[in-house]
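What follows is a single structure, written as structure tokens, with notes after it.
The values are calculated or read from the model by the stated rules, or taken from the named source; none is laboratory data. Just so you know, these numbers come straight off a predicted model, no measurement behind them. Every residue, glycine among them, receives a Cβ derived from its backbone with ideal geometry; neighbour counts consider all protein chains shown.
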């Protein structure tokens, strides 16, 4: 654990390195493109509008209520799944750096998180546009978005850090994570709200930890204050998860260069 904690602090001190690497990857990915990451924003906007209109009509929900819920849910789910998936492959795709340069291990996980946060900032324009059209329901609740987002990212990054070590050892693990995320998307309240599953099926939301993470960031934007259980689950996951991620990173810290 001590090795991993030292590695984490060394990675945080090297913030210039992983932010630069993240920027370079974004620039290379969208080289010669006029719109760059905004192509993803356009694609996300079309998806949000289509799903909001179609599913809102099928479910009989008012557009002003359903479209903001879908927009917030999809934007934050895209950020979460991208951080986890790319973090899962962070050591594998950075194998040349790891084998040749003595750098902290977790900078590659932070690099993946930073890169996807920058792309998320582009997609967040959709949330702002939706809020401008349908209005802000509660400015007091909106202030809770900041701590909710911090807790959301803490959980996404520890899952990425844990998955990165496991994926470096077992190369089939990224495919397993991708399949699990695809299934989890349909049982997490993104295209629906928790109250739509009231009754005997409500356990799908109650026992889904990702539902609480989405609620932490989506509820304040919708003018709602997350309850104490939501905050408790989010904080508990962060403490347990980072303990687990640091433990496994410290345990196999020296083996990662040989695995990749």
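Structure values in brief
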quantity	calculated
Hits in the stretch 209-238 - residues which are surrounded by fewer than 19 Cβ atoms within 10 Å (Cβ to Cβ), within 19 Å of the chain's Cα centre (by Cα) and either closer than 16 Å to residue 142 by Cα or modelled with pLDDT under 90 (or both)	231
Close pairs from the stretch 10-27: first touching a residue at least 60 places away in the same chain (Cβ under 8 Å), partner surrounded by fewer than 16 Cβ atoms within 10 Å (Cβ to Cβ) and part of a helix (DSSP H, G or I), Cβ under 8 Å, at least 6 apart	22/118; 23/118; 26/118
Some residue of the stretch 239-249 being part of a loop (DSSP other than H, G, I, E, B), without any contact (Cβ under 8 Å) to a residue 40 or more places away in the chain and surrounded by fewer than 19 Cβ atoms within 10 Å (Cβ to Cβ)	no
Criterion: in a helix (DSSP H, G or I), over 26 Å from residue 181 (Cβ atoms) and modelled with pLDDT under 85 - qualifying residue of 27, 32	27
Qualifying residue in the stretch 76-97 (condition: part of a loop (DSSP other than H, G, I, E, B) and either farther than 25 Å from residue 180 by Cα or touching a helix residue (DSSP H, G or I) at 6+ places or on another chain (Cβ under 9 Å) (or both))	yes
Positions within the stretch 126-145 being assigned to a loop (DSSP other than H, G, I, E, B) and either surrounded by 14 or more Cβ atoms within 10 Å (Cβ to Cβ) or without any contact (Cβ under 8 Å) to a residue 60 or more places away in the chain (or both), in sequence order	135, 137, 138, 144
Check on residue 118, surrounded by fewer than 20 Cβ atoms within 10 Å (Cβ to Cβ) and either at negative phi or assigned to a helix (DSSP H, G or I) (or both)	yes
2 or more residues within 24 Å of residue 129 (Cα to Cα): qualifying helices (runs of 4 or more DSSP H) within the stretch 171-230	209-221
Index of the failed condition, residue 195 passing every other in (1) in contact with a helix residue (DSSP H, G or I) (Cβ under 7 Å, 6 or more places away or on another chain); (2) more than 17 Å from residue 160 (Cβ to Cβ)	(1)
Residue 56 crowded, with 17+ Cβ neighbours inside 10 Å, over 26 Å from residue 159 (Cα atoms), at pLDDT 85 or above and in contact with a helix residue (DSSP H, G or I) (Cβ under 8 Å, 6 or more places away or on another chain)	no
Check on residue 244, under 24 Å from residue 130 (Cβ atoms) and within 19 Å of the chain's Cα centre (by Cα)	no
Residue within the stretch 64-78 that is at pLDDT 90 or above, more than 23 Å from residue 216 (Cβ to Cβ) and surrounded by 18 or more Cβ atoms within 10 Å (Cβ to Cβ) present	no
Condition check for residue 24: more than 19 Å from the chain's Cα centre (by Cα) and either loosely packed, with under 15 Cβ neighbours inside 10 Å or farther than 16 Å from residue 118 by Cβ (or both)	yes
Filter result for the condition that a residue is touching a helix residue (DSSP H, G or I) at 6+ places or on another chain (Cβ under 6 Å) and closer than 26 Å to residue 62 by Cβ, over 217, 166	217
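Yes/no per residue for (1) touching a residue at least 60 places away in the same chain (Cβ under 8 Å); (2) over 23 Å from residue 27 (Cα atoms):
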| residue | (1), (2) |
| --- | --- |
| 63 | no, yes |
| 74 | yes, yes |
| 84 | yes, no |
| 87 | yes, no |
| 99 | yes, yes |
| 102 | no, yes |
| 115 | yes, no |
| 121 | no, no |
| 124 | no, no |
